[in-house]
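**Q** Sharing a structure, written as structure tokens. Questions coming.
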Amino acid sequence: MAENRTIALRCTNLHRYLGEGEGRVHVLKGVSFEARSGDVYAIVGPSGCGKSTLLYLLGLLDQPEEGEISINGQLMSNSDDAARTAARGEHIGFVFQFHFLMLEFSALDNVMMPMRKLGKLTPDQMTDRAHQLLTSVGLGEKTHRLGTQLSGGEQQRVAVARALANQPSIILADEPTGNLDVKNSSIVFDLLTRLAKENGQAVILVTHNPDIAGRCDFTRPMRDGLFV
């Protein structure tokens, strides 16, 4: 089955250094990886092994010193800032450990923000899509609640809806359940993976949680800047 799925993201021989002078550290040492649409990948490993650095490169938030990153077959790693920003907005959804909601805005406004930035839908279409997404994560009754009026688990579910707003082909999640209790962790993970599979999106998540990793389609352990 997987052979027929498109490769949403591919990276080849990524190298990344951080720091300067004698403190310069070789964080990623030639990482290659590919993610197919509709599959969920867990990247696991000890702190400092390069997991989050890799995720930032894959999300086009940072650039490698060496190697290539392609999104839906288009080479992006050597693109300029404007092209990478545009690709992020259109093709990539992010869910972080800290939800990064605008707490003074409603759940609906938070989910609409990426759509406003992309500028492809009318205001009514954006409102309708945000309503649908919040309903799909079980918050249909709370669309007009401010971020400050939502629990931690609810805030992270809004973050999942926001990540899906522009129908990206790739979802990148950095410890998406790291701040939640066991019950809410399970709810958020189940929502994220179910909705992504329904939409044929590739999900790549960094996690320290062995239960979450064990429920992904593929687990890729990292150590010292390489997959092992």
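**Q** Give just the number: which of (1) at pLDDT 80 or above; (2) among the small types (Gly, Ala, Ser); (3) over 10 Å from VAL40 (Cβ atoms); (4) surrounded by 17 or more Cβ atoms within 10 Å (Cβ to Cβ) does ALA196 not satisfy?
**A** Condition (3) is where ALA196 drops out.
**Q** Further question on the same structure: Would a scan of the stretch 66-88 turn up a residue that is assigned to a helix (DSSP H, G or I), among the basic types (Lys, Arg), within 16 Å of ASN166 (Cβ to Cβ) and in contact (Cβ under 8 Å) with a residue 12 or more places away in the chain?
**A** Yes.
**Q** Confirm whether PHE189 is in contact (Cβ under 8 Å) with a residue 12 or more places away in the chain, out of contact with any Asp or Glu (no Cβ under 8 Å at 6 or more places or on another chain), among the aromatic types (Phe, Trp, Tyr) and within 22 Å of GLY152 (Cβ to Cβ).
**A** Against the criterion (in contact (Cβ under 8 Å) with a residue 12 or more places away in the chain, out of contact with any Asp or Glu (no Cβ under 8 Å at 6 or more places or on another chain), among the aromatic types (Phe, Trp, Tyr) and within 22 Å of GLY152 (Cβ to Cβ)), PHE189 qualifies.
**Q** Do the conditions hold for ALA213, that is, is it under 17 Å from the mean Cα position of the chain (by Cα), under 21 Å from ILE69 (Cβ atoms), buried (at least 17 other Cβ atoms within 10 Å of the Cβ) and modelled with pLDDT of 85 or more?
**A** So ALA213 fails the test.
**Q** Tell me whether the stretch 41-52 contains one or more residues that are part of a strand (DSSP E or B), over 14 Å from the mean Cα position of the chain (by Cα), surrounded by fewer than 22 Cβ atoms within 10 Å (Cβ to Cβ) and at pLDDT 90 or above.
**A** Yes; the residues of the stretch 41-52 include at least one that is part of a strand (DSSP E or B), over 14 Å from the mean Cα position of the chain (by Cα), surrounded by fewer than 22 Cβ atoms within 10 Å (Cβ to Cβ) and at pLDDT 90 or above.
**Q** Okay, next question. What's the number of the condition MET115 fails, among (1) touching a strand residue (DSSP E or B) at 6+ places or on another chain (Cβ under 9 Å); (2) part of a helix (DSSP H, G or I)?
**A** (1)
**Q** Only one of these is at negative phi, not aromatic (Phe, Trp, Tyr) and not in a helix (DSSP H, G or I): LEU57, LEU101, LEU133. Name it.
**A** Step by step, each of LEU57, LEU101, LEU133 is checked, and only LEU101 is at negative phi, not aromatic (Phe, Trp, Tyr) and not in a helix (DSSP H, G or I).
The values are calculated or read from the model by the stated rules, or taken from the named source; none is laboratory data. Owing to the predicted nature of the structure, the values given are computational and were not obtained by experimental measurement. No Cβ is skipped: glycine too gets one built from the backbone with ideal geometry, and neighbour counts run over all protein chains shown.
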